[in-house]
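Q: The structure follows.
Values quoted throughout were computed directly from the atomic coordinates according to the rules given, and no laboratory measurement underlies them. Just so it is clear, the structure is predicted and the values come from calculations on it, not from any experiment. Ideal geometry is used to build each Cβ from the backbone, glycine not excepted, and the neighbour counts take in all protein chains shown.
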Amino acid sequence: MGRTCGFAQYHAYKDEIAFLHTEIDQRFEGRGLAGLLINGALHAARVRGLKVLPYCPFIRGWITRHPDYVELVPRQDRARFGL
């Protein structure tokens, strides 16, 4: 049986997904799991054609370091999120 090691809290509405918080259990930190979680969540948003609103600072920072995902954030919202 698998264990939950972390989660990304979000709110989806129509064609948008707002990421609010990301958390990895301390026992699993330092293994790159947050990056895997975020990459999977953003990839799923891309496949579904969703606009991403990265309120979560960790996800916002990850997008900054992986600019190929900036396009998911609506152009008019990028400055608000520092992207």
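Q: Would you mind telling me the antiparallel percentage of the DSSP bridges in the chain, rounded to 5?
A: Within the chain, antiparallel bridges account for around 65 percent of the total.
Q: Quick one: which residues, 5+ away or cross-chain, put their amide H under 5 Å from the amide H of residue 16? H built at 1.01 Å from N.
A: Here 51 satisfy the definition.
Q: Could you give the length gained on full extension between residue 9 and residue 64, defined as 0.36 nm per residue of separation minus the Cα-Cα distance, in nm?
A: Taking residue 9 through residue 64 to full extension adds about 17.9 nm, to one decimal.
Q: How large are Rg and Dmax for the chain when only the alpha carbon atoms are used, in Å?
A: Final numbers for Rg and Dmax: 12.7, 43 Å.
Q: Please compute the length gained on full extension between residue 51 and residue 36, using 0.36 nm multiplied by the number of residues separating them and subtracting their Cα-Cα distance.
A: That pair, residue 51 and residue 36, stretches by 3.4 nm at full extension.
Q: Return the FRET efficiency for the residue pair residue 80, residue 27: r is the Cβ-Cβ distance, R0 is 35 Å, and the value is rounded to the nearest 0.05.
A: 0.50
Q: To the nearest 20 Debye, how big is the dipole of the chain about its Cα centre, given +1 on the beta carbon of each Lys and Arg and -1 on that of each Asp and Glu?
A: 80
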